[in-house]
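Okay, structure first, notes after.
The values are calculated or read from the model by the stated rules, or taken from the named source; none is laboratory data. Since this is a predicted model, take the numbers as computed values, not measurements. Here the Cβ positions follow ideal geometry from the backbone for every residue, glycine too, while neighbour counts run over all protein chains shown.
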């Protein structure tokens with residue numbers, strides 16, 4: 001090859017080498033941060049020395065606008081009385097048609113001023129790991145809801161959950177509740193969890209064993225569950241009566257056999273009930289039960305039904 005040809009090829013070779021170096025650096029960068037959203041490593045683990053903020057993890061977007069939040073808050077009526085006792089766990093809907101129920105329930109929870117809220121809901125897409133959590137914060141019209149990172153990392157380290165920010169960012173069973181949570185509990189941190197449809201009662205118990213130490217005093221667990229789907233108003237009410245019967249009896253075998261015509265996540269519901277059982281509680285207080293047909297005054301639509309309920313632990317009297 002003559003000198004002229006070599007000189008002509010030098011710029012091309014330089015560009016090729018530069019591109020190769022840049023691609024190699026990018027690959028090394030991805031390997032060094034397996035916990036980043038979109039990573040294919042699937043480990044879900046972050047170095048305990050680094051926080052989500054320092055790693056530049058983007059926050060999840062808000063599920064409602066400021067106008068929509070104000071419309072939800074306008075549905076409040078009279079301030080509900082605080083139930084007698086400490087709330088251990090609660091069941092709330094995630095369908096914003098039930099805004100009045102959500103506002104009432106959060107007003108009840110706010111009077112207790114919990115510092116930690118564990119939110120467990122269905123993974124509606126049923127994609128990814130069986131139990132999913134994340135470290136990213138959640139943007140709302142009134143500011144950022146932050147995650148209790150130490151607890152999330154503990155679940156990841158123990159293999160009880162996997163980290164999937166992408167799946168979480170799409171999931172309204174968590175995201176729909178957080179604007180109201182930020183309004184009524186502005187300082188509370190959360191642990192978000194979404195469950196596959198086939199999560200077992202044993203897997204629920206394993207989760208609660210890890211979470212229980214953090215829920216002893218200033219923590220509350222919320223099971224985010226919608227009940228009967230796609231039925232007429234009267235059919236929905238009949239299904240709710242059946243489900244209420246199983247809940248009253250803590251009948252997990254039958255609860256876990258129920259489909260979407262009764263509720264969307266037996267496993268999420270079971271987290272609230274099993275935590276209550278750990279506290280020796282076998283009764284709950286129903287704050288409200290209705291369906292979208294009644295709320296919208298329309299007997300011709302396919303409905304979704306809702307329960308809001310709480311488990312109350314009696315406060316020990318000091319001598």
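When residues of segment 81-107 are filtered for being over 17 Å from the mean Cα position of the chain (by Cα), in a helix (DSSP H, G or I) and in contact (Cβ under 8 Å) with a residue 40 or more places away in the chain, how many remain?
Residues meeting the conditions: 7.
Name every residue in segment 194-206 that is in contact with a helix residue (DSSP H, G or I) (Cβ under 7 Å, 6 or more places away or on another chain) and within 18 Å of residue 89 (Cα to Cα), in order of residue number. Give the derivation first.
Here is the first cut: in segment 194-206, the residues in contact with a helix residue (DSSP H, G or I) (Cβ under 7 Å, 6 or more places away or on another chain) are 194-195, 199, 201, 204-205.
Scanning segment 194-206 gives 194, 195, 201, 204, 205.
Is there a residue in segment 108-126 that is on the phi > 0 side of the Ramachandran plot and without any contact (Cβ under 8 Å) to a residue 60 or more places away in the chain? Walk me through it before giving the result.
So the first thing to find is which residues in segment 108-126 are on the phi > 0 side of the Ramachandran plot, and the list is 113, 126.
Among the residues that remain, those that are also without any contact (Cβ under 8 Å) to a residue 60 or more places away in the chain are: none.
Looking for residues that are on the phi > 0 side of the Ramachandran plot and without any contact (Cβ under 8 Å) to a residue 60 or more places away in the chain, one finds none in segment 108-126, hence no.
Taking segment 244-263 as the region of interest, how many residues are closer than 13 Å to residue 306 by Cβ and either out of contact with any helix residue (DSSP H, G or I) (no Cβ under 8 Å at 6 or more places or on another chain) or surrounded by fewer than 21 Cβ atoms within 10 Å (Cβ to Cβ) (or both)?
Of the residues in that region, 1 qualify.
Do we find that residue 271 is crowded, with 24+ Cβ neighbours inside 10 Å, closer than 26 Å to residue 249 by Cβ, more than 22 Å from the chain's Cα centre (by Cα) and touching a residue at least 60 places away in the same chain (Cβ under 8 Å) in this structure? Break it down into steps so the answer makes sense when it comes.
Numbers: crowded, with 24+ Cβ neighbours inside 10 Å: yes; closer than 26 Å to residue 249 by Cβ: yes; more than 22 Å from the chain's Cα centre (by Cα): no; touching a residue at least 60 places away in the same chain (Cβ under 8 Å): yes.
The answer is no for residue 271.
May I ask you to say which residue of 199, 204, 191 is modelled with pLDDT of 95 or more and in a helix (DSSP H, G or I)?
On the way: 199 fails: in a helix (DSSP H, G or I); 191 fails: in a helix (DSSP H, G or I).
Among 199, 204, 191, only 204 is modelled with pLDDT of 95 or more and in a helix (DSSP H, G or I).
I'm checking my understanding of the structure. Among residues of segment 147-175 that are over 17 Å from residue 271 (Cβ atoms) and out of contact with any strand residue (DSSP E or B) (no Cβ under 8 Å at 6 or more places or on another chain), which one is surrounded by the most Cβ atoms within 10 Å (Cβ to Cβ)?
That would be 153.
Checking the condition part of a helix (DSSP H, G or I), touching a strand residue (DSSP E or B) at 6+ places or on another chain (Cβ under 8 Å), surrounded by 14 or more Cβ atoms within 10 Å (Cβ to Cβ) and in contact (Cβ under 8 Å) with a residue 12 or more places away in the chain, which residue from 223, 276 passes? Before you say what the answer is, go through the steps one by one.
Working: 223 fails: part of a helix (DSSP H, G or I).
From the options 223, 276, the qualifying one is 276.
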